Structure formats: structure tokens, C-alpha cells
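Report on the following structure.
The values are calculated or read from the model by the stated rules, or taken from the named source; none is laboratory data. For clarity, every value in this text was computed on a predicted model and none was experimentally measured. We place every Cβ from the backbone using ideal geometry, glycine too, and count neighbours over all the protein chains shown.
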Amino acid sequence: MSTVHNTRSESRLNVHAILRVSCANGPGARAVVWTQGCRLRCPGCCNPLTHSHRPRTLMEPKRLADHILSIPDIEGLSVSGGEPFEQAPAVARLCRAVRGGGLSVLVFTGWTYEFIRCSPSTAVKELLSQVDILVDGPFVQRLADSRLLWRGSSNQCIRFLTPRYGPEILETCSQPQVEAQLAAGQAMGITGFPEPSDLDVLARRLREDEGILLERSSCSSQT
């Protein structure tokens, strides 16, 4: 596997977005980091704005880790994309730091676990060693299923790579979740794996209850 790094410095992480607390991207309350850049560009991807490798927000992994570790009452960090393994050196440093602070790590990847394990890249192997839960596989539009937990299509797998979590966690997190967050003067962020009908229901409720009208942008979801 070849890795793709940001164009300015391998020591910094090209970040698309950060969410301080989410309950839709893994077990418990978690911070979420979306990386910027993905060569896979799966048809039907719900976050195409993360595909470009142009620098968006370049961050030093240790500084980002310190910010995440300062967030109270979270269980872990989830890293999504984009494609985290395309920035394996920086993402590995981020994950190592947050795990050192006691948090768990979940990583979403469009690559398959088998492909990642065969990578000759030291950075890829280091990142994989820092992951407690790996959700792997490309999004396949014809296999899309909104009933799945933490996945968009049925070919994708949830893999428990350390003893920190096991399959029993799926029994307590049996329902997929979708979150919406609206900050004053900003766009609404949708995270999880929403169906179009979910967005329609949300828009109707906001219009009826709060008098807020939503307009769709070119990308309506963060994951």
C-alpha cells in the first residue's frame, strides 16, 4: 500500500473536520477526526468534500491529541475520512498519543483489513497497531444498508483488534445512530449514516418546531 501525505509536511495531519463529542461513530461518547484526502472515492460516498488532497487544516498530531485528551467524559477517538491510512505517519502519532492518555481508538478505512496487513509500510503497520476497533472495506452503493451499525454497506466489517472491546459491545450498541448538530451562524453537520428520509424528517421538525429552514449543500454528511 502506498500512502498519500499532505503536500506541506509529513509531520502534520491534513484535517477535514473535528467533532468534540459524538455517540454515532463508535462505542460510547467519542471525539471524531475526519482526515482530508482519499484516493478511493467510492461512488455514493456521503462525504465527497473529503476526497481532495489539497491542504485544508494542517495540524501537529501531538497538539491535536492534547486537545482531544482535554475533552471531558469521552471514551475514545474515532478517525474517519477521507482515508486515514493515506496519512498513516501522522494518524499513527495521533492515535498513539490519545491511547497513551487512556482513550480507545476506532478507525474507519476504505481499504480491507487483509490489504492493510500486507502493506510493507512501517507507518501503516504502526497505525494498525494503535487501533482497538477497525471498520474496514470500501462503501459499495448497491450493498448500502441503513440498518447496519457503524457501516454504510454490508461488505464492510467491524474488527476487534485488541482486548479492549469484543463482539459483546455490539449487543449494547445494536442500533445505528444519526446525529445532527447546529451551531449559530454555521452549517448543520450530520454524522453517522443518514438516509435521505432522515434528513427530510429533520428538516420538517426544525421548520415546524423552531422555524428553521434547511438548505442542502453539496455534502450533507460528515461521515
Qualifying positions in region 64-93 - under 15 Å from Trp34 (Cα atoms), of a type in the set (Ser, Thr, Tyr) and assigned to a loop (DSSP other than H, G, I, E, B): none
Checked region 139-155 for anything touching a residue at least 24 places away in the same chain (Cβ under 8 Å) and in contact with a strand residue (DSSP E or B) (Cβ under 8 Å, 6 or more places away or on another chain); matches are Phe139, Val140, Gln141, Ala144, Leu149, Trp150, Arg151, Gly152
Counting only residues that are touching a residue at least 60 places away in the same chain (Cβ under 8 Å) and touching a strand residue (DSSP E or B) at 6+ places or on another chain (Cβ under 7 Å), which one in region 32-43 is surrounded by the most Cβ atoms within 10 Å (Cβ to Cβ)? Val33
Exclusive hit being among the basic types (Lys, Arg) and either part of a helix (DSSP H, G or I) or in contact with an Asp or Glu (Cβ under 8 Å, 6 or more places away or on another chain) (or both), set Arg96, Arg20: Arg96
Hey, can you tell me all the residues within region 125-138 that are in a helix (DSSP H, G or I) and touching a strand residue (DSSP E or B) at 6+ places or on another chain (Cβ under 9 Å)? Leu127, Leu128
Taking region 111-128, which residues are surrounded by fewer than 22 Cβ atoms within 10 Å (Cβ to Cβ), in contact (Cβ under 8 Å) with a residue 24 or more places away in the chain and either under 29 Å from Leu69 (Cβ atoms) or touching a Lys or Arg at 6+ places or on another chain (Cβ under 7 Å) (or both)? Trp111, Tyr113, Ile116, Ser119, Ser121, Ala123, Glu126, Leu128
Taking the residues in region 77-108 that are surrounded by fewer than 24 Cβ atoms within 10 Å (Cβ to Cβ), under 13 Å from Arg164 (Cβ atoms) and not charged (D, E, K, R) as candidates, determine which candidate is nearest to the chain's Cα centre (by Cα). Ser104
Being of a type outside the set (Ser, Thr, Tyr) and within 26 Å of Asp145 (Cα to Cα): is that true of Val33 here? yes
Single unsatisfied condition, Phe160 versus (1) surrounded by fewer than 18 Cβ atoms within 10 Å (Cβ to Cβ); (2) at pLDDT below 95; (3) out of contact with any Asp or Glu (no Cβ under 7 Å at 6 or more places or on another chain): (2)
